[in-house]
Structures are given as structure tokens and as C-alpha cells.
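To start, the structure under review is shown below, and the notes come after it.
Bear in mind these aren't lab numbers, they're just calculated from the coordinates by the rules spelled out. Source: prediction; values computed, not measured. Here the Cβ is made from the backbone with ideal geometry for all residues, glycine too, and neighbour counts use every protein chain on show.
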Amino acid sequence: MSQMKKDLYGRHQMAPPATVESGDLDAVPAARVTFFTPATAGLVVLLAGLTLGLAEWGFGRAVAAGRNEPNGLFRFIMTTLLLPSGVLGFGLWGTVAILRRLSTRAARSCGAALTFVVVAAAATWFNWRLFDGNWARTWNHIEWIRWSARLLCVLLAAAWVAWFFQFAFREAPRRSVASRIAWPLVLASCALGAHWINLHYYAEGYADQHALLSLVEFAIHILFWIEILGLLQDRAPRSAVLVGLVLAAGVAGGLLWQVRLRRTVAVHALRSRAAEGRFPVTRRVAPLVERLLLERLARLRPLPVGDVADLMRRAFPKGAPAADLDALLSPERRKFNVVIIAADTLRADVVGPDETGRTITPNIDRLAESSVTFRRSYTPYPTSKYAYSSMLTGYYPRWTPARAATLDGAFKLPADLSLAEVLREEGWATWAVTAFNRAGIANRVTFGHTTDGFEVFNPARNETGLQAPAVTSWAMKLIDERPTERPFFLWVHYLDPHDAYRPHPEFDFGNSPWDLYRGEVAYMDHHMQPLIDRLVEGDLSRNTIVVFLADHGESFSEHFATFHNNNLFEEEIRVPLYVKAPGLAHRNVEAMANIVDVCPTLLSLLGVKDHHPRMGRDLTGLLAGQTRETDWVDFSYSELFPRSRLSGKEMQRCLVFDGLKLIRYAGDPSAQVYDLLSDPLELQDVFDPEQPAQQRALGFMQALDRRIDGFLNAVDDRKDVEAHRVAQMDAVITALENDDPTDDDRAVADFLRLTFGKDRRYDAAAAALFGSARLARVRRALSRLSLDPRRSEIFRANTFAILTAIPDKDLTEYMRRCVAAPYPPISWGASRWLAMHKDPTGRTKLLEGFRKGPPDWRFYAAPALAHIGEVSATPYLLTALDLIDSVAVTEAIEALDALRYGEFSLEVLDRIDAFSVALRQPGPELAAAQVAAARSSEASTLLLLRLARSQEAVVQRKARTSLLRRMTEKRMKAGLAMTDLEILADTAARDQHFDEAVRFYRETVKAAYDLRFEHPLLKIHFARLLAVTGDTAGARTTLAPLLGPEPSAWVRRYARGLDRVLEARAPVIVEPSTAKLEARVLDRIENMEWIGRPVVARVQVRNTGKTPIPGGPWFHGLRMGIVFRDLATGNLLVPPGDQYMLHRFLPRGGIPAGESVEIIVPGIGPGQVGEFAPVLFLSRRPWFSEDLVELQVLPTIRVGKIK
């Protein structure tokens, strides 16, 4: 018998009958055979990989509706399919060969299941790399691992083991020819069905379902080829050696092609990313293969760039000569007024007539008709705080006051930099009427930096965002009351197009987000009319320069994104820009401009000498017609910072030049390139570094990067910076290991500076730079110092705290030793660390610290206590939900879940409805979505509906995926529509448009009733607004069903507290100055070694009035907090960042007349060294000094070194 027949039937099977010699399948008698041999195992996987890859390639072309790979199908197959499939085939070949030698059936079954896990995991990895685009980088890998595990355990395990066991390891009876032909057809149909579904998932951006279905397709392809080989087993010769040679040739061919490709610049085209997931093609080979093999055989060639010295010489020209501007405008131009009208979130394509000639912005169009209109203008950054900071300074976002404030003063800026500061010094009156609320302009990290130089900023002193009528009214009031002896500079800012979009009956275009957005734009334009009339036709038209612009655009799922601050595509960075000045005739300018150009252009138009160099360009040459557009270096530059660690976004920079748009990412040598002339929607990435035009654009972008990076004499050589940091770390290690106490403080401070970010969190990127060996030496040294009795207790506690902040499970033994330390902060801290890592060793110490320690320690220990089942930690965990620290809030959410806290979803949802800053951070949002997804209550469904409207893509996806598991897509869409109405109602209530809020709440309640959702919070919020508008009877009727025995005790307590207020006819909105409350802090606030440390205190609050006081989270509710008065200056310290929002609302049940309650109140310690008086305050708004009522002043504390 030939070797082929032995392989065909197996070495230990029944001998084949002689009648098989003819090869006629119909002549084969019933026999027990196995056809899945080690040789065919590898071939099956190779064929499955190739066919799946070809299917995905065709599928990609269908999605892209055009050319998706610039270098052709052959290169695509060689680089993405042949090498991974060949390697996977070899692995399965070897695995099957081993499994066939197992003796027992149980061992074979276990081996089959293990083989499935290996193959499925490899297939998932392969698919992940196949679809590795920029949009994939925003996914959360933990979620990917979770669905992969569910898939491996549920979807395919049983089916695969059955097929594999039956056809690879058992002697199954031969089936009929018809049966064996039917099965491949069935499998092919299944593959096509999965493929069709996958197409729709991918087109809608459901990335996780796409990857899941691709894995299903891979398994189906494998089964299909098993059947095909079984069908042809008597017709086609097979040999283990032949199959091995085919696999070896596949691996060698793929490897050689990769090496050859890496020696050319064309490899960068394969590595570049697709446009936000539009193209499902491979953009790079697996990093593991690159690091272990390809980097050693052939290093990547650097990306070629063109010579751009001539461009850089002409890119930043001087403006028009002063004499020419005097002749064109007026010799009196130094006395011109200046008005900047900024419309927030206004896309360029929504302004002006559409393709039918109709317009929704007639007033803005009138202004454009009398202005020089820049048809292609851009913002330097797609979010407000950086865009406006660039507008006012002429600096790109990375060097603006906004960025300096965000980075906590990481770099210093020149004094008197803002346009308002310069003009004020030159004699202009400087005013601003913006829609920003008081909280936003009180905080320099948000919009406080925009107030620099303005004599009057927001005279309305509005607590919430101003709508267009109020903005126009205040602007006209300032103009009417202006002094006549000097010119003025007025910045007018409209916020209406910003989300959330409100419906306006007079501008009703529909109910979709796009229609509502257009309605907001039309509403804003309508209420601009008095101001534009005055500027275009009134007395100001003869002596006023007017600039109209927008800070950024808005996404409506064009590139799988919504809102803004997501990407650098046209819908987010293309904005209108008009300049009107006396003497300038209307014309359209096709040359590109940027909002960063506004400041230098205005100073030049006014003839004001600028003492600061600006990064923006002076546009007066174009405005005056001195510079021909053909001579203008036509480019625009924008950027986008990483918004959060959760989203995984990297630094992005964008250049629009010569009809191309380049988008590059930090640390990535490749780029995305779009031809805006032929592809204005940016659907096709045409990156090809071999094209001279793209090389020139890449060179220009690199030159601009160097110019901007080094603008303030910054070091722009990244390698030199990294080498310097590594040398500093080596010096730290030497100092920590030399056992000299005099070096300890400086060494520890340097270690913190080098490895912890501005947010005082461990910087994984810095750790990767220094390497594991250096960090291990530091950890050993710090561990030794923290237990050294020769060091002070404070130093040992600080060193221990640093170690607990470093993610390292190897610290377990060290922590166990620390539990026995005599110094309580170390022993308690070690107990907490062990409990958080599910180690019960320190349980006794942890409980001791919780009972005997100060309140801030109980607060700190509460999450760890929850993980060992201590329900006494619950009040502190609920307080932690109000913190601003993302890590602490996330820990509290996870701890409440560990305790199975029943009202978790309602607690979180109630805070989100009250515009909680803490729970709108990416980390807490995702943690809340994961907890809600694991629960089946109706409250968790309502929370998921609210989280599905998050601005974080990963949170949206998690919430929507979870909702689809518990309801139909139609019901989910209806639920999301209900949630949108609720958001509108909450927003209207926040902005004190109470009648409008009642109308939205009424519609929301009706929608909830139609959907059979029992939404107690909605009824409570609705009843509260009815009471505010005077409908007390309607409010009590709404609350009545919640007072019975059916709702939970939590809901009854909340409803009864509000009903008690309504029954007494007491006000629902209580001013802090009229609240009859007495408060006593039960815990002493101790001296602090560290600045900016969180504090917490138990407070007993008594209502001394005759009427009950309502409680519960809502924007106008009473809240308490702890702030600090600097005894050196007598001023209350404004907490940094968003910490000014740190407070605790009064209990939901309110405080009945004459009764007392005990609550836990948080605060944030002073951010500087000195002596301070802690102050317990009461407020009705996010922390404002004017509204604050001091309830108790506590004993003085010292912050910093304590002698």
C-alpha cells in the first residue's frame, strides 16, 4: 500500500478494501477512516487564511467603494496573509502531530479543545492586525480580551471540539457523496452570511462585532477546507513532505517579501493608517514578528522627504506695508474699533447657501457679503479652549496659555501676550461677552486664560451658558454705553450650536442630531441680527473692523465620531472666517487661513507695533491685494493632544498643503494622506511616499514641526531629551543606593518628577524609557529606605506611598513585611494595598485603621475594605463618587460593585443628571458601564442608556453592546431618544429655563411610559421642576406612586424628602444665605506634609428653621465642601483644575425642620506651603466665592514641612 493510502486511512485504521483502487467514491464500502492528518492540518489553516483574507479584501473594497491598497493585491496577500497563515499552519501541524499520539480519548478531547483555543486566539490576533487602523487604537483592550474570552468559551468551543474530535481523532463511518457535497455548501453559505453581516457591522463602525464575526468566519473557513479535503481524499494525492514544502515555501516567500519591502520606502504605505476605520486593510505587520525577526534582518528605511527650504523662506511673509494700509483703510486706523464675533461649534459647510440656493444663516451671509471671505479657513485645534487661546495670542495650541495652565505651568510665556492685553495698553477699551459660565472663567484650565487683558468680561456674570438673545443684548448694551474718547475691542461669543442641541419650534428641520444642530445655527443667526445690522449698516460700519469666525466644527458620524475634539478631519477643523474693514471691498479669497492668524493680522491692520513674535501669519497682504494668491504659500496647520489615557489617542498633527491633507501621529513614521481635490470627504488614504508631491508635503510638515516646537527656545531633539532624562535617572539610582541620608530627599523628588506625570500618576511611557532594570533597582532602594529606622517617619511614609503608586505585583512580600511596621501610615497602607490585590493578610490591621484612624484614612481605606466585604465602608464610597480624581472615583465604583450595592445605578445616574464632573470622566464612565452591564435591573438599563450618550467612543460602544443584549435595536433607539429628551430637560433646568425644562420632562415621562420603563429618578426630577414653576399639586401627584411600598427604600426616602418640602410649601430652590443651617465638624483636620492632599470630615448638620430643606444632587441644590483660607493673604484658595467642583450635596431625604443629619464632606488641601484655616462652606452652585456661606471655621493647620 502506498504512503498516500497510509496517510489517508491512518496507520492504525482498518485496511482499505481493494475496490478503492479505482478512486470511485461510490464504490467505497462503509469503513471507519480519518482524513485529518498532521500534514493536512497545516494546509487547512493556510487555505483558510488565504480564502478569508481574499474575502476580507473584497469586503474592504465594498466598504471603501474604491481602491483600498495603493500597492496592489499581490503585495497585500504576500505581506498580510501568506506569512501569518504559514506560521499558523506550521503551529497547527505540529499540534495535531502531537495530539495524534495521545493514547486516551479524554486526552484527545482535551487536546482538541486546547488546539481550538490556540487557533482561535491566533486567528483573533491575525484579524486584529489585519484591521489595525487609527480608530482601532481608541478601543479598550480589556474589553477586547473579555469578548474574546466569551467567544472562545461559548460560541465555538462545543462546535469545534465536536468536528475536530469526530474527523481528526475518531474513526467515523464514511458518509455518502451527497452528504459530503452538501456540507461544504452549507459551510460556504454560513461563511457568506457571516460575511454579509460583517459588512454591515463594519460599515456602521461596530468594531467589536466585526472582529468577532471575522473569527467566526475563520472557523467556518477551516471547517470548509476540512470538508473539501475529505471530499477529494481519494482523488488528489497528498504527502506530508509535499504539504510541508508548501508551508515552508509560504513562510519563506512571505519573509523574503517582507525583507525586500522593508528595504524600500514603499513599506510606509502599508504601515500607514486608514481613515478612521473606512479601510479594512493591513497597515503594518505584527510588532512581535517585527521585533524578533524583521528588525534584525532589515531595518526600515526612513521616510523620504523633499527639500522645502524655499517654502520655509516664503511661508511667513511680512504683512502689507503701513503706508499701503493707511491709503487703503485710513490714516486713522489706529482709532478703529475691533469686534470679533465667534460662533462656537460652527461648521463651514452649514453657513451660506446650500446646493439648492437656500440658507439658514441669512444674517451671517449679509456680513460675508460685505467682508473679505476666506473660503478655506481652519482652526488650529478642534476644541474651544485651545482654539480661542490661539485666536487671542497668535500661538499654536501647544504654546498657548491654555496649554500652560493644563500642564500646570510646564513652560513660561511672555507677559502681555494676549490681543486684549496689547490693545488695552495701546488705549483700547477691552470687553468680552461670552456664553461661558462663571465656573468656566473662574478656572484657568478651562476658560480663565481667555480673560487676560479684558477690562470687562461677562458683565452678565451668568451661572450657566448664555443663549444668543442674551449675548446679543449684552453686546449691544456695551456698544451703546461705550466711551467716545477711545476705541473699543469687543469679543462676542455665541454657544448655541454646541451640544446639547435644543429644538426650536420656529426653526424645526427634524429630530435627528444634524437637524437639531442646524436649528441651533439658525436660531443663533436669527438673534445675531441686531448686532450685524449695527456693524454692517449702522454707525459702526465706518470705523470698525469685524472678524467673524468659529472655533471648530462638529462631527456627525462622518468618521465614526460625534461632537468634536476627536480628530483632524474637515468636519471638525474647517470653519468660516470673514474680515470686514473700512476700505476693504468684498471678495472671496481661496488662499488658506487659520484662526491662529487673527491676532497678528488685527494688530497689523490697526497699525499697532507688536513686541512679541507670533506663530500665526499676517494676512494683511492678502486682504489688501498686495500678495497674489499664487505667490502665497498655501497651507494650514492643526493639532490634537491626547485627551485621555483611556481613549488611547496619540498626539496628532495635520497639514493641509497643495491639495493634500497629511495627518501624522506621534512616534509613527507613516502618515494618512487624503487628496482633498478628488476626495473632499476624506474616504481614501492615498499615502504613497514614493510620490514627489507627498515627499514635499512631508518635508514641509517636518520643517513646520521643528519651527513650532522650537519657537520658545524649546529643545526639539527628542533623542537628546531622552538621553538627558536617562542620565538623570541614573543619578537618582546612585543617590538612593549610596546610603547617604542627605541625598534622599532630592533623589526621591527627582524620581517623582521623572516617572510621575503632572497629574501625579505613574507614567508608563517614562517607565518604558528607563527600562525595567533601572526601575527594579529604584524599587529595591525605596523598599529598603521605607523600612530604615534611621530615616524620619515622614520620609518613610512618603517613600512607602510612592511604592504603592507603582503598579508592581512583586511588592507582595514587601507589603506583608510592612503590615508589621510600627508606624501606622505604613502598616495601614500596606494592609490596604494587600486588600486591593485580594490578599487578606492585612485584614486585621485594615479594620483597625478604619476604626481608629482619621476620616481621610477611612476614606482612603474604604475601597480596600469593600473588597474584603466590609459594608461599613459604603458611606465613604458614596462620598468618593463626588471626587474629581478619576482613579479614586473608579476605585469607588468597583468597590460598590464588590459590595453588590443595590442602588448603584440610581446613585450614578442621579449624579450624572446633576452634571457631575467626577462621573463624566472616561475612567469612571467606563467602570460604571461595566458594572451596569453585569446587572439586569431596570435601573442599570437606564444608566446604560445615559452612558450610550457619552462623548467617549469606548463607553458608547460598551453601553450600546450591553443594551443590544437585553433589548431589540428598535427599543434601544427609542430608549436613546427618551434619553436625549431627558438630557435636554436637565440642560434647560441647569440654565434656569424652567418652563422649557418642564416641557421636555413631560415628553420624557411620556416616552418612558410608552416604553414601559419604570424611571423613579425621572419622576422625582420632573416633580421638582413642576414645583419650581408653581405647580405644587402636579408635583405631589407625580411623586405619589413613589411613596408607596413598591419602590425601594432608597426611592421612597428621596421622594418623601421632596414631598415633605412640597407639603410645607417650602421653596425647592434655597439660597445659602437664607438656609437656617448649623453645622459642626466632628473630626479635626490635621497638619499636612503634602500639598494638594484630599481631606474629608464628618459633619453634623442641623436645620434650625421651621420648614424642611430639600436635598439630593441637582445643579441648583445646596452643597457643602471644605476650602482653605490663606492666613498670609486672607483669601480663600481656589482649588486647581476641576477641583473647584468638589462638594457634597445635602442628603436626598433633605433635612426636616429641627432635625439633624450626619454627612461626609470632602475637600482638597492647599496647593502651597503655609498656614491655613479650613472653612466648611455652603453653596448653591459649583464653588463661587460670592455665593459661598461660611458655616464653620476650623482650627489653623500647617501645610508643608512640619518642624
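Summary table below
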| item | result |
| --- | --- |
| Point-to-point label distance, Met476-Ser936, nm (Cα→Cβ direction, 7 Å offset) | 6.1 nm |
| Extension gain from Ala500 to Glu793, taking 0.36 nm per residue of separation minus the Cα-Cα distance | 100.3 nm |
| Other-chain or far-sequence residues with amide H under 5 Å of Ala550's (modelled H) | Ala343 |
| Residues in the stretch 434-453 that a label on Ala415 would reach, taking backbone N under 18 Å of a point 7 Å out along Cα→Cβ | 452-453 |
| In order through the stretch 789-799: 3J(HN,Hα) via Karplus (6.51 cos²θ - 1.76 cosθ + 1.60), integer Hz, x for Gly, Pro | x, 6, 7, 5, 5, 4, 5, 5, 5, 5, 5 |
| Global form of the stretch 1077-1199, assessed from the alpha-carbon gyration tensor, a/c cut-off 1.5 | prolate |
| Out-of-range pairs (alpha-carbon distance over 31 Å; input Lys477/Lys1019; Lys318/Lys580; Lys318/Lys661; Lys412/Lys958; Lys412/Lys609) | Lys477/Lys1019; Lys412/Lys958 |
| Of every Cα-Cα pair in the stretch 997-1093, the percent that sits beyond 19 Å | 54 percent |
| Computed E for Val1169/Ser557 - FRET, C-beta separation, R0 51 angstrom, nearest 0.05 | 0.55 |
| Two-site FRET efficiency, Ser1073 against Arg461, from Cβ-Cβ distance with R₀ of 22 Å, rounded to 0.05 | 0.85 |
| Packing-based ranking, highest mean first, of 1055-1068, 1106-1119 given that Cβ atoms within 10 Å are counted | 1106-1119, 1055-1068 |
| Order by protection proxy (mean Cβ within 10 Å, highest first), peptides 946-953, 746-753 | 946-953, 746-753 |
| Segment His586-Gln702, length gained on full extension (0.36 nm per residue, minus Cα span) | 38.2 nm |
| Gln691 versus Glu426: modelled label distance in nm, points set 7 Å from Cα along the beta carbon direction | 4.2 nm |
| Whether the stretch 367-489 is rounded, prolate or oblate, judged on the alpha carbon gyration tensor where a/c under 1.5 counts as rounded | rounded |
| Cα Rg over Rh - the stretch 914-1004, Kirkwood | 0.99 |
| Stretchable slack from Trp514 to Asp365, in nm (0.36 nm times residue separation minus alpha-carbon distance) | 51.6 nm |
| 3J(HN,Hα) from dihedral phi, the stretch 367-381, Karplus parametrisation 6.51/-1.76/1.60, rounded to Hz, x for glycine, proline | 5, 5, 5, 10, 10, 7, 9, 8, 6, 10, 10, 9, 9, x, 7 |
| Ordering of 447-454, 1147-1154 by packing [mean C-beta count within 10 Å, highest first] | 447-454, 1147-1154 |
| Calculated from backbone phi, Karplus (6.51, -1.76, 1.60) coupling profile of the stretch 998-1009 in Hz, x at Gly/Pro | 4, 4, 5, 5, 4, 5, 5, 4, 5, 5, 5, 5 |
| Volume per residue of the C-alpha convex hull in the stretch 298-363, rounded to whole Å³ | 290 Å³ |
